[in-house]
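A.B. asks: Handing you this structure, nothing more for now.
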Amino acid sequence: MHSARNPDSGVFVVLEGADGSGKSTLTDMVIKNLHQEGLAVRRIHRERSEEHRNAEYATLVAAVRNIFQIGDEAAVPFELLTLASATQYTTIYHSQIAPSVAAGEIVIAESWWDKTWIRLGIEAQLCLKLDDAELCEFWKWQRSLFPPAPYIPTPDLTVLVDTPERDRVNWYSSANRYEPVFDDNGAVSHDAQEYGRFTSRIAKELRNVAEEKSWPILSNGYDQSPHDVGRRLTELIVAESSSGASASVARPDTRRSEK
């Protein structure tokens, strides 16, 4: 349950999903659809310094981004990457999201804290040879780091975009992506099949979180075209935006496990 929302305020929407799930493409579609509905929409851009409320916030976000771009992420302790990520998201919330929601805008973030701690935990397990119990303890610690409400409110709507492994592999190959992943031995890999296996682990854990938190799940690429998924996502956002402070949002049963 969300706390009561000012009916004049906007909404904070998160699209979660493993890398290569089509979040960016869907966000493009949804923003176009929402503009056609006459709604004000803001897309979160972490890399644009001008999007932040002040230069200090922009510098902090850029510093965290640089930590992740210095090369092999295994060279930076995973606990430091986790703390840096939590700091970055907190900064983005206060510098971009909160002011825009207060101004009545629909704010859309392509991925948020949940995918980040899941991915970093999986990477830590592969590189540090953590057993399952150690991974669970690391995840428990990671989840405790992010500020709870009322400091950072829960997003008004989080939707999981669930895409088959084959589509994520095809996207990685056809788009000539070079983002590194870790193979089962903890070695850095740019292989498309390794990318598929790695992101499938993220997808599995995100489905678990979606069930835990009752997120809607939209299957993208099973028997649904991106156009259909974008339309359904737009409907969910419009319904959330129109729900006001107390009205509940009727959502279709959008749950489906990846085959």
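The values are calculated or read from the model by the stated rules, or taken from the named source; none is laboratory data. Everything quoted here is computed from the prediction, not taken from an experiment. With ideal geometry, Cβ positions are generated from the backbone for all residues, glycine too; neighbour counts draw on all protein chains shown. Side chains are part of the model used for accessible areas, which takes the heavy atoms of the whole protein and leaves out ligands, DNA and RNA. Shrake-Rupley method; radii C 1.70, N 1.55, O 1.52, S 1.80 Å.
A.B. asks: Can you spot a residue in region 166-175 that is modelled with pLDDT of 90 or more, more than 23 Å from residue 217 (Cα to Cα) and in a loop (DSSP other than H, G, I, E, B)?
C.D. replies: Taking every residue of region 166-175 in turn, none turns out to be modelled with pLDDT of 90 or more, more than 23 Å from residue 217 (Cα to Cα) and in a loop (DSSP other than H, G, I, E, B).
A.B. asks: Could you grab me the full set of residues in region 195-242 that are closer than 29 Å to residue 38 by Cβ, assigned to a loop (DSSP other than H, G, I, E, B) and in contact (Cβ under 8 Å) with a residue 40 or more places away in the chain?
C.D. replies: Listed by number, the residues that qualify are 215, 216, 220.
A.B. asks: Looking at 5, 53, 65 in this structure, which one is open to solvent by 50 Å² or more (accessible area, probe 1.4 Å), modelled with pLDDT under 85 and of a type outside the set (Asp, Glu)?
C.D. replies: After ruling out the rest, the residue left standing is 53.
A.B. asks: Could you check how many residues of region 147-165 are of a type in the set (A, V, I, L, M) and part of a loop (DSSP other than H, G, I, E, B)?
C.D. replies: 2
A.B. asks: Next up: Name the residues in region 19-34 that are in contact with a Pro (Cβ under 9 Å, 6 or more places away or on another chain) and assigned to a loop (DSSP other than H, G, I, E, B), would you?
C.D. replies: 22
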